[in-house]
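Contents: one structure, followed by commentary.
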């Protein structure tokens, strides 16, 4: 991994979500942050207030702009003390990176899932595979969400493989749903309008990220009544229907030659001891829609 500022936990990572990129930067110090691309600034803010009380920054930028510019600059200030008046912050520091959009023909990607907090092995495997155009991280990169430090595993794997110079597609896994901070994972990973399922477009490749939630039925003793994935999968069903209704702007758009669905759990497989009949009914509806 290339040299990074002391306050960065990893290089920035460029995640593909919808028609935009989410440039995410995990940090070790309280910072204010924004990204500059071709003279345009994109801030990590909440209704005009720059965020600093966070350990992962997110700047959302148009895909087309970054693809054309082929470079971005992360700008940041370190916050020494944030006060109601006259906060103590540093001057602006800058970190620049090239960016390589996915080519239209012959694109190569590498897929990783179930790293379970390992970093060196999956990174070495990806590098042995050779040059890639984008990376897919398909769930269970952390072992669980009982510690927010585990979320950095996701970004470390992505950073060490891509150096923040190539796109990454992320999908949540069932182990990511376990632990006290599972409800906060969307603050540290790419989502669209808070949703962990979405579509994306990279070169001539159109894709859909789906989230099957947990790998057992909601009322399994292991979860102690902390999940509602049956309802969650039904909401995704409505999302899939809307994508199909909007096909002309999605998988039937000009230039799309390849289509891919990314999901951590195999939703077409029925195991009675794990999946409820209600879940399987919903997944059958998913599969029926995909078959057309």
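Throughout, read-outs are computed from the coordinates displayed, never taken from laboratory work. Bear in mind that the values here come from a model prediction, so they are computed numbers and not experimental data. Cβ sites come from the backbone with ideal geometry, for glycine too, and all protein chains shown count toward neighbours.
Tabulated data for the structure shown
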quantity	calculated
Calculated [θ] (222 nm, deg cm²/dmol) that DSSP helices of n ≥ 4 give over the chain, each run adding -39,500 (n - 2.57)	-6500 deg cm²/dmol
Length-normalised contact order of segment 145-196 in % [C-alpha pairs under 8 Å, at least 6 apart]	49
Segment 181-234-segment 56-78 distance, computed between alpha-carbon centres (Å)	25
FRET efficiency for residue 131 and residue 241, using Cβ-Cβ distance with R0 set to 30 Å, rounded to 0.05	0.20
More than 36 Å apart - percent of Cα-Cα pairs taken over the chain	17
Using alpha-carbon coordinates, inclination of helix 277-291 to the longest axis of the chain, degrees	80
Principal-axis tilt of helix 229-245 within the chain, Cα atoms, nearest 10 degrees	80
Stretch gain in nm, segment residue 273-residue 46, where the contour uses 0.36 nm per residue and the Cα spacing is subtracted	77.4 nm
Alpha-carbon Rg/Rh ratio, for segment 163-252, with Rh computed the Kirkwood way	1.01
Highest average packing first - 13-23, 248-258, Cβ atoms within 10 Å	13-23, 248-258
Overall dimensions of segment 13-98 by Cα: Rg and Dmax, Å	13.2, 40
Highest-MSF residue in the chain out of 279, 140, 231 [GNM, Cα springs under 10 Å]	231
Cα-Cα pairs of segment 139-292 separated by more than 21 Å (percent)	49
Convex hull (Cα only) mean projected area of segment 45-147, reported in nm² to one decimal	9.9
Stretchable slack from residue 104 to residue 256, in nm (0.36 nm times residue separation minus alpha-carbon distance)	53.8 nm
Relative contact order, percent, the chain [alpha-carbon distance under 8 Å, six or more residues apart]	16
Segment 13-98, relative contact order in percent, only Cα pairs under 8 angstrom and at least six apart counted	29
Computed over segment 112-184, Kirkwood Rh from alpha-carbon pairs, angstrom	12.2
